[in-house]
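Heads up, the thing below is written out as structure tokens.
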Amino acid sequence: MEMSGSHSGRRRESFDEVAELYDKARPGYPPRLVDDILELSGLDKGCRVLEIGPGSGQLTIPLAERGLSLVAVELGANLAGVARRKLARFQEAEVVVADFDEWATPSEMFDLVAVATAFHWLNPTTRVRKCADALRSGGTLAIVETHWGVSYDVDRFSIESQTCHARWDPFHDPAFRLPRIEDLPQENEELATSAFFEPIAHRRYLCAREYGASQYCDLLETYSNIRAFEPETRRKFLACIANLIESRFDGKIVRHDTYDLWLARRSRHKQ
């Protein structure tokens, strides 16, 4: 379902309403993913990194811990405040409150531009070009796509939770099914057809995570589509999910999340 520009804008800004909960509930990225970004990009300590849409720092902190010089551009002032607090011990890390689509790129280019679970919120007509413009020749663009919940077999919780969606979710699609691992893309067409980047590397990471009812509802409350519910509807929907986990799944569920990392090197012949 296509969203209007205003509706999409409200959804991408909704994370800032729950910045502290976002920081508490959102999991970090797999350590191997962070290692691969550095290794495949050829980054050393002191290299300049631009991160777009860092949220509260789920990727930012691991990058800073590896000695990189960071500029993180975050749309939400509350999320930026949480990220700044967590980055206070790193002298070479800066958080800027700005809309990347309108942000003036610094004259000094970056060795890496990283966008984790945020690329889809950027302006689709300009995002690849603007990321490319921020990179030095030979620099790397790293895009992480997160697939929350992927089916490896019959997922009983996903099936049974549709009763909560059917009752309370105003955007409910009766035909919804969790994607299977084989359904996930094997190519990033937007990068593959871009004139700004050379061949793309792709890595995939699988994570199984156990959640209690309260923990899982906290996570759901940070999703933009759930944030779009009316407050009372959201409360009743989350209560329905919590009751389902407690009554039908002995208080625990396991979700399988998948991360796709796309790495593209900036062409040395700039367009």
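The values are calculated or read from the model by the stated rules, or taken from the named source; none is laboratory data. Just so it is clear, the structure is predicted and the values come from calculations on it, not from any experiment. Neighbour counts run over all protein chains shown; Cβ positions are idealised from the backbone, glycine included. Note: accessible area is taken over every heavy atom of the protein model, side chains too, but ligands, DNA and RNA are not part of it. Shrake-Rupley method; radii C 1.70, N 1.55, O 1.52, S 1.80 Å.
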*Within the stretch 91-104, track down each residue that is open to solvent by less than 70 Å² (accessible area, probe 1.4 Å) and either on the phi > 0 side of the Ramachandran plot or not β-branched (V, I, T) (or both).*
A93, A98, D99, F100, D101, W103
*Please enumerate the residues belonging to the stretch 199-247 that are open to solvent by less than 80 Å² (accessible area, probe 1.4 Å) and either touching a Gly at 6+ places or on another chain (Cβ under 8 Å) or of a type in the set (D, E, K, R) (or both).*
R204, R209, G212, A213, D218, E221, R227, R234, K236, I245
*Looking only at residues in the stretch 38-52 that are of a type in the set (D, E, K, R) and free of Cβ contacts under 8 Å to residues at least 60 places away in the same chain, which one is least open to solvent (accessible area, probe 1.4 Å)?*
D44
*Residue check, G55 against (1) in contact with a Lys or Arg (Cβ under 9 Å, 6 or more places away or on another chain); (2) open to solvent by 20 Å² or more (accessible area, probe 1.4 Å), all met but one. Which one?*
(2)
*Can you name the condition, by its number, that I143 falls short on among (1) surrounded by 19 or more Cβ atoms within 10 Å (Cβ to Cβ); (2) without any contact (Cβ under 8 Å) to a residue 24 or more places away in the chain?*
(2)
_If L178 meets every condition in (1) over 20 Å from A116 (Cβ atoms); (2) open to solvent by 50 Å² or more (accessible area, probe 1.4 Å); (3) free of Cβ contacts under 8 Å to residues at least 40 places away in the same chain; (4) not aromatic (F, W, Y) apart from one, which number is that one?_
(2)
*Which residue, of S137, S107, is of a type outside the set (D, E, K, R), without any contact (Cβ under 8 Å) to a residue 40 or more places away in the chain and surrounded by fewer than 17 Cβ atoms within 10 Å (Cβ to Cβ)?*
S107
_Neighbours by Cβ (under 9 Å, 6+ apart or cross-chain): first from the stretch 18-37, under 30 Å from P231 (Cα atoms); second open to solvent by less than 20 Å² (accessible area, probe 1.4 Å) and charged (D, E, K, R)_ = P27/D257
*Of the residues that make up the stretch 150-158, is at least one surrounded by 13 or more Cβ atoms within 10 Å (Cβ to Cβ), touching a Ser or Thr at 6+ places or on another chain (Cβ under 8 Å) and either of a type in the set (D, E, K, R) or farther than 16 Å from F237 by Cβ (or both)?*
yes
*Kindly provide the set of residues from the stretch 61-85 that are touching a residue at least 40 places away in the same chain (Cβ under 8 Å) and among the polar types (S, T, N, Q), ordered by number.*
N78
*With respect to T258, is the statement that it is open to solvent by 10 Å² or more (accessible area, probe 1.4 Å), modelled with pLDDT of 95 or more and either of a type outside the set (D, E) or more than 30 Å from C131 (Cβ to Cβ) (or both) true?*
no
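Would you list the helices (runs of 4 or more DSSP H) that sit entirely within the stretch 170-271 and hold 3 or more residues that are under 18 Å from the mean Cα position of the chain (by Cα)?
Fully inside the stretch 170-271 and qualifying: 213-220, 224-227.
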